[in-house]
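Before any comments, here is the structure.
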Amino acid sequence: MSSGIGASVKRKEDKRFTTGKGKYTDDVRNDNQAYAAFVRSPHAHARVKGIDTSAAMAMDGVIDVLNGQQLTGDGIGNIICGWAITSKDGSPMNMGAWSALATEKVRYVGDAVAVVIAETQALARIAAEAVDVDYEELPVAASVLTSMKDGAPQIHENAPGNQIYDWELGDEAAADAGLASATHITSLDLTNNRLSPNPMEPRSAVAKYDDAEDHYTLYTTSQNPHVARLVLSAFYNVAPEHKLRVIAPDVGGGFGAKIYIYPEEITCLWASMKTNRSVKWTSDRSEAFITDAHGRDHVTSAKMGFDDAGKIVGFKVDTIANIGAYMSLFSSSVPTYLYAPLLSGQYNIQNIHCNVRTYYTNTVPVDAYRGAGRPEATYLVERMMETAAREMGMDPAELRRRNFIQEFPHQTPVLMQYDAGDFPKILEMAQETADVAGFPARRAEAEARGKLRGIGYSTFIEACGLAPSKAAGSLGAGVGLWESAEVRVNPVGSIEILTGSHSHGQGHETTFAQVVADRFGVPIENVQIVHGDTDKVQFGMGTYGSRSGPVGMSAVAKALDKVEAKVRKIAAHALEASEDDIVIEGGEVKVAGTDKSMAWHEVGLAAYIAHNLPEGMEPGLKESAFFDPVNFSFPSGAFICEVEVDPDTGTTEIVQFTSADDFGTIINPMIVEGQVHGGVTQGIGQALLEQVVYDEDGQLLNGSYMDYTMPRAADVPSFHVQHHETPSPNNPLGVKGCGEAGAIGSPPAVINAITDAIGTNDLAMPATPQAVWRAIQAGAKSVAAE
Amino acid sequence: MYPTKYHKPASIADAVAALNGGDEAMLLSGGQTLLATMKQHLAAPSDLVDIRGIAGLSGISANGNELTIGATTTHAEVAGNVDVRRLCPALADLASGIGDTAVRNMGTIGGSIANNDPAADYPAGLLALNATIVTNTREISADDFFEGLFATALDEGEIITAVRVPAPSKAAYAKFAQPASLFALVGVFVADSGSGVRVAVTGAGEDGVFRHAGLEAALTGSMGDASIDAVDISDGNLISDIHGASDYRAHLISVMAKRAVLSL
């Protein structure tokens, strides 16, 4: 049990990570290594009239300078969005062409127009500056509110008015009728601030073309190397799948930004063939700010209606989402199917309608970022609940309780069927730990010190492990959303797990091994996780949307079932017992009620020696499985945040943060707690500190850590994290996924606490000191003490 | 970064020779601004003249009521030095709040004031403390030294060797940090020399660090936070950027001035 499910086992991978011995993409150095540097547009919108590469080509050590005309001339395809959304009038979404290297137009600052391949990285960058691009500047739409206006600059020819789609979910007439019957209606206009994902390891790609074999190898910072190979082959025509190996070695964080296939990987592969050199590109932080897909960026107006008893009777939402200059791989799904189906929250709401319009802008493409759509939905629902409670003079916890779903399964009017949960319980746990009863005394004590203290809630639901594939397909997904696993028991009894999930920091090498250890009683040291290499793992969908637990581990569990069945047969045969009497525990395979047993490794050996197997059984002990869940999993949580605001400066200090999460079965509590800490910290970053800012010309104003504020340790309190487990009935382990909950649930808790402290409902994220000070000046609350 | 030629002279004379020998030579002290700028291709010195190896440029000494701080003395050294703590604890406090630990272990006082970033901390301290900047050719009062955004009175080839700081009777620095960079969004240094009060503001001025005549007059009249309420802090000539508009900065000057006074 010590290393099985539920044990806080220390992470196996941390020895190499904490001693500097992790091997990342940029650590790959091939014999004939050359380096790529991209020539990027300094303009947000311009026509490319010419590219003069002569000065760069003349530099010693420059191997080649390649452009978009050559790329498309070689048949490299446009970058695609893999989820087709249909507008409410039945028309398909308007996807504009995105070439890895721009040909006629550039559409955001950072759009690549050419690439320099040189002997050193430093030289490549200097030569890239020597490439002279003749631009004709065009008018710019740097925000969604600009690009949706009549007469706005046209960014893609096939998207009139820059609109990509006008989509809806739910029953508008029912929502209107619900609102008409309401005795109280709360209205909110909110923005969900645009964020830059900032994984610690910047993106990198090392491509190597083998002309003798006509074969390509790509090392890349990917959360999903098989998806990368599929898309590179099927859509970008770089190479057929069997001639392309994609390896994602250690990956240092992703938060979604490393799901997508970017221009740089495509270009490096193609350039490797063109130059017959291995080509490496590694982003620096400045480049990451202008090329990694950003997140969020919604503008929403919404109304929620209540009856006399405080029950929600209607909810109507109108959202405008910024997609950026091009449609990134999953960009279309984030403000639609990852957003609107979450608008029911933890509440029994019969009438919901959501309209979403998306637009191009002259900014970096926007795609999924930790939570992806669900934070946007949660922020809206939870600010709505808190605001409504204040307007109706009710306790915000009580208003939530009155509306909680209490029976499962529960079908919402926005697609989702919730499987399990206990919302009153987790709220009660959070309230008790946060000592809500003692809050008035703490507020009075703070006021005596001249501080404004506030408390805010967020009781939220999320949906992990997007599924099943058939349903996703019917909603427009271009891929299935299952996962694969292969379990190889070696002749000596050690076990290799090949999984299509891929860790970018989550600790899969530990948690996946714990699932195996739990099943067979073998030490986790004897279990090796193999992932991140398309030559080793047959196929997989990768890691995002908190899916590695509910989907990836479930595939492992399914393959383990098959291994276990064969082990039983082998042991029953060798021990002359019935299969039903075989018990596997503590590294032994025993016959129940007897002293007959085989050691685990003896079964492995028996399978491979094959001297004494049941009649007709194939030798070996290796099984694989594909797991396609029947439904999403639905983690839920209750967060309570307490803040103190300094009215003189507007500074907010988070003095207490309490979480009670239901992640279903927990494999490793220590790792789960770490995920909550990280997620909540990112949510605090969104609530207080982070926002990508463009000026009217589409220039990024805070593209470095000197101006873009990431949360630091001192910005967060010591968290109170607790769990309540209601296992998911829809996967074999009962797990629900925990990677995103913190980032999804925390922003509204923080803002609700600040608005409680200063006495307003009008405050936008990020709640910087200046923003809070202005809200106070606007008359939010008279300041008691100086 | 672009190729550059690195020099590590052992004397001021050699440093001057190296500076004059390059087309676009620059001095390197702590490198906390210059190296980052070079990596971004925003600076391209032909030669880098690293003065950290020159004997006598680093270290702190006290002579009666005056501190002498060598140009290549790091922020961490100033923050932890017993003589600075004894004679001018406000300056040690200021140094302890610059950037982060790595910056404080590399960055130097000479490098900071030669760069004269409009949001740097040291310019406010040295200006309020009426310090003297000593170079290889002359001595310059802080009032004359800080000329504007990234501009100082230093001539071509002139090298700061030390800073002399007279101990105030009391002084304090209050800083409201720009949250990303941890530079000052507004920093106010109040120094009472015994014969008058000087108040310097950093982070806020469109022309860099400046003395605030209104605050100086009010606090010379009566040293107390109540005096500050009566002072009109105009937002004219104050910076407006994504981190704070000029009216917010003006308000913070008042708040930080009060906090400095209350901690005197």
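Find all pairs meeting these conditions: Cβ atoms under 8 angstrom apart; at least six residues apart or on different chains; first residue within the stretch B:11-40 and within 14 Å of chain A (Cβ to nearest Cβ); second residue of a type in the set (Ser, Thr, Tyr).
Close Cβ pairs (under 8 Å, with a partner that is of a type in the set (Ser, Thr, Tyr)) amount to B:Met38/B:Tyr2; B:Met38/B:Thr4; B:Gln40/A:Ser286.
Residues checked against (1) at positive phi; (2) of a type in the set (D, E, K, R); (3) at pLDDT 95 or above:
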{"residue": "A:Arg40", "(1), (2), (3)": "no, yes, yes"}
{"residue": "A:Arg47", "(1), (2), (3)": "no, yes, yes"}
{"residue": "A:Gly61", "(1), (2), (3)": "yes, no, yes"}
{"residue": "A:Gln69", "(1), (2), (3)": "no, no, yes"}
{"residue": "A:Gly77", "(1), (2), (3)": "no, no, yes"}
{"residue": "A:Lys88", "(1), (2), (3)": "no, yes, yes"}
{"residue": "A:Ser91", "(1), (2), (3)": "no, no, yes"}
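For the stretch B:168-193, which residues satisfy the criterion of being of a type in the set (Phe, Trp, Tyr) and within 14 Å of another protein chain (Cβ to nearest Cβ)?
Answer for the stretch B:168-193, where residues must be of a type in the set (Phe, Trp, Tyr) and within 14 Å of another protein chain (Cβ to nearest Cβ): B:Phe176, B:Phe183.
Being touching a helix residue (DSSP H, G or I) at 6+ places or on another chain (Cβ under 9 Å) and over 19 Å from A:Met706 (Cα atoms) is the filter here, so list the residues in the stretch B:114-133 that pass it.
B:Pro123, B:Ala124, B:Gly125, B:Leu126, B:Leu127, B:Ala128, B:Leu129, B:Asn130, B:Ala131, B:Thr132, B:Ile133
Out of the stretch A:610-621, which residues are closer than 19 Å to A:Ile495 by Cβ and buried (at least 18 other Cβ atoms within 10 Å of the Cβ)?
Scanning the stretch A:610-621 gives a single hit, A:Leu621.
One line per residue, one yes/no per condition, for (1) of a type outside the set (A, V, I, L, M, F, W, C); (2) under 19 Å from B:Ile109 (Cα atoms):
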position	(1), (2)
B:Gly31	yes, yes
B:Pro45	yes, no
B:Gly56	yes, yes
B:Ala62	no, yes
B:Ala71	no, yes
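Considering (1) out of contact with any helix residue (DSSP H, G or I) (no Cβ under 6 Å at 6 or more places or on another chain); (2) away from every other protein chain (no Cβ under 14 Å); (3) surrounded by fewer than 21 Cβ atoms within 10 Å (Cβ to Cβ), say which one B:Gly208 fails and leave the rest.
Evaluating B:Gly208 over (1) out of contact with any helix residue (DSSP H, G or I) (no Cβ under 6 Å at 6 or more places or on another chain); (2) away from every other protein chain (no Cβ under 14 Å); (3) surrounded by fewer than 21 Cβ atoms within 10 Å (Cβ to Cβ) leaves (3) as the failure.
Say whether the condition of being touching a Lys or Arg at 6+ places or on another chain (Cβ under 8 Å) and either of a type in the set (Gly, Ala, Ser) or within 14 Å of chain A (Cβ to nearest Cβ) (or both) is met by at least one residue in the stretch B:99-111.
no
Give me the residue from the stretch A:292-324 that is surrounded by fewer than 24 Cβ atoms within 10 Å (Cβ to Cβ) and out of contact with any strand residue (DSSP E or B) (no Cβ under 8 Å at 6 or more places or on another chain) and, out of that set, nearest to the other protein chains (Cβ to nearest Cβ).
A:Gly310
Among the residues in the stretch B:242-261, are any of a type in the set (A, V, I, L, M, F, W, C), more than 12 Å from chain A (Cβ to nearest Cβ), part of a helix (DSSP H, G or I) and within 19 Å of the chain's Cα centre (by Cα)?
Checked against the condition, which is being of a type in the set (A, V, I, L, M, F, W, C), more than 12 Å from chain A (Cβ to nearest Cβ), part of a helix (DSSP H, G or I) and within 19 Å of the chain's Cα centre (by Cα), the stretch B:242-261 yields at least one hit.
Please go through the stretch A:559-585 and give me each residue that is surrounded by fewer than 21 Cβ atoms within 10 Å (Cβ to Cβ) and closer than 30 Å to A:Cys464 by Cα, ordered by number.
Once the filter is applied, which keeps residues that are surrounded by fewer than 21 Cβ atoms within 10 Å (Cβ to Cβ) and closer than 30 Å to A:Cys464 by Cα, the stretch A:559-585 yields A:Asp561, A:Lys562, A:Glu564, A:Ala565.
Which of the residues belonging to the stretch A:721-759 are among the aliphatic types (A, V, I, L, M) and part of a helix (DSSP H, G or I)? Before the answer, list the steps.
Quick first cut of the stretch A:721-759, residues among the aliphatic types (A, V, I, L, M) only: A:721, A:733, A:735, A:741, A:743-744, A:749-751, A:753-754, A:757-758.
Across the stretch A:721-759, the qualifying residues are A:Ala741, A:Ala743, A:Ile744, A:Ala749, A:Val750, A:Ile751, A:Ala753, A:Ile754, A:Ala757, A:Ile758.
Somewhere in the stretch B:72-87, is a residue surrounded by 20 or more Cβ atoms within 10 Å (Cβ to Cβ), within 14 Å of chain A (Cβ to nearest Cβ) and not aromatic (Phe, Trp, Tyr)?
No; the residues of the stretch B:72-87 include none that is surrounded by 20 or more Cβ atoms within 10 Å (Cβ to Cβ), within 14 Å of chain A (Cβ to nearest Cβ) and not aromatic (Phe, Trp, Tyr).
So A:Ser718 fits all but one of (1) in a loop (DSSP other than H, G, I, E, B); (2) away from chain B (no Cβ under 14 Å); (3) touching a residue at least 40 places away in the same chain (Cβ under 8 Å); what number is the exception?
(3)
Can you confirm whether A:Met327 is at pLDDT 95 or above, in a helix (DSSP H, G or I) and assigned by TED's automatic domain parsing to the domain that holds A:Gln699?
It is false that A:Met327 is at pLDDT 95 or above, in a helix (DSSP H, G or I) and assigned by TED's automatic domain parsing to the domain that holds A:Gln699.
Could you tell me which of the residues A:Asp31, A:Asp111 is in contact (Cβ under 8 Å) with a residue 40 or more places away in the chain, away from every other protein chain (no Cβ under 14 Å), out of contact with any Leu (no Cβ under 8 Å at 6 or more places or on another chain) and over 30 Å from A:Arg16 (Cα atoms)?
A:Asp111
Checking B:Val49 against (1) buried (at least 21 other Cβ atoms within 10 Å of the Cβ); (2) closer than 17 Å to B:Val103 by Cα; (3) among the β-branched types (Val, Ile, Thr): exactly one of these is not met. Which one?
(2)
Here's the yes/no breakdown for (1) over 20 Å from A:Ala557 (Cβ atoms); (2) of a type in the set (Asp, Glu); (3) not assigned by TED's automatic domain parsing to the domain that holds A:Ala767:
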| residue | (1), (2), (3) |
| --- | --- |
| A:Lys569 | no, no, yes |
| A:Ala572 | yes, no, yes |
| A:Glu579 | no, yes, yes |
| A:Val589 | no, no, yes |
| A:Met617 | yes, no, yes |
| A:Cys641 | yes, no, no |
| A:Pro647 | yes, no, no |
| A:Gly650 | yes, no, no |
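Pairs, please: C-beta under 8 Å, at least 6 apart or cross-chain, first residue under 12 Å from A:Asn162 (Cα atoms) and in the stretch A:132-152, second hydroxyl-bearing (Ser, Thr, Tyr) and surrounded by fewer than 20 Cβ atoms within 10 Å (Cβ to Cβ)?
A:Ala152/A:Thr146
Does B:Val163 meet the test of being within 24 Å of B:Ala131 (Cα to Cα), within 15 Å of the chain's Cα centre (by Cα) and within 14 Å of another protein chain (Cβ to nearest Cβ)?
Answer is no for this residue.
Can you name the residue in the stretch A:274-286 that is crowded, with 20+ Cβ neighbours inside 10 Å and either over 10 Å from A:Arg203 (Cα atoms) or charged (D, E, K, R) (or both) and is also nearest to the other protein chains (Cβ to nearest Cβ) among such residues?
A:Lys280
I'd like the full set of residues that are assigned to a loop (DSSP other than H, G, I, E, B), surrounded by fewer than 24 Cβ atoms within 10 Å (Cβ to Cβ) and within 11 Å of chain B (Cβ to nearest Cβ), limited to the stretch A:673-707.
If the condition is that a residue be assigned to a loop (DSSP other than H, G, I, E, B), surrounded by fewer than 24 Cβ atoms within 10 Å (Cβ to Cβ) and within 11 Å of chain B (Cβ to nearest Cβ), then A:Gln691, A:Val692, A:Val693, A:Asp695, A:Leu701, A:Asn702, A:Gly703, A:Ser704, A:Tyr705, A:Met706, A:Asp707 are the ones that fit.
For the stretch A:458-495, how many residues are among the charged types (D, E, K, R) and surrounded by fewer than 18 Cβ atoms within 10 Å (Cβ to Cβ)?
Going through the stretch A:458-495 one residue at a time, the tally reaches 1.
Which condition does A:Gln770 not pass, out of (1) within 14 Å of chain B (Cβ to nearest Cβ); (2) touching a residue at least 60 places away in the same chain (Cβ under 8 Å); (3) in a loop (DSSP other than H, G, I, E, B), if it passes all the others?
(3)
Can you pull out every residue in the stretch B:77-106 that is over 25 Å from B:Val201 (Cβ atoms) and either outside any loop (DSSP other than H, G, I, E, B) or modelled with pLDDT under 95 (or both)?
B:Glu77, B:Gly80, B:Val82, B:Asp83, B:Arg86, B:Thr101, B:Ala102, B:Asn105, B:Met106, listed by residue number.
The values are calculated or read from the model by the stated rules, or taken from the named source; none is laboratory data. These figures come from a predicted structure and were not determined experimentally. Here the Cβ is made from the backbone with ideal geometry for all residues, glycine too, and neighbour counts use every protein chain on show.
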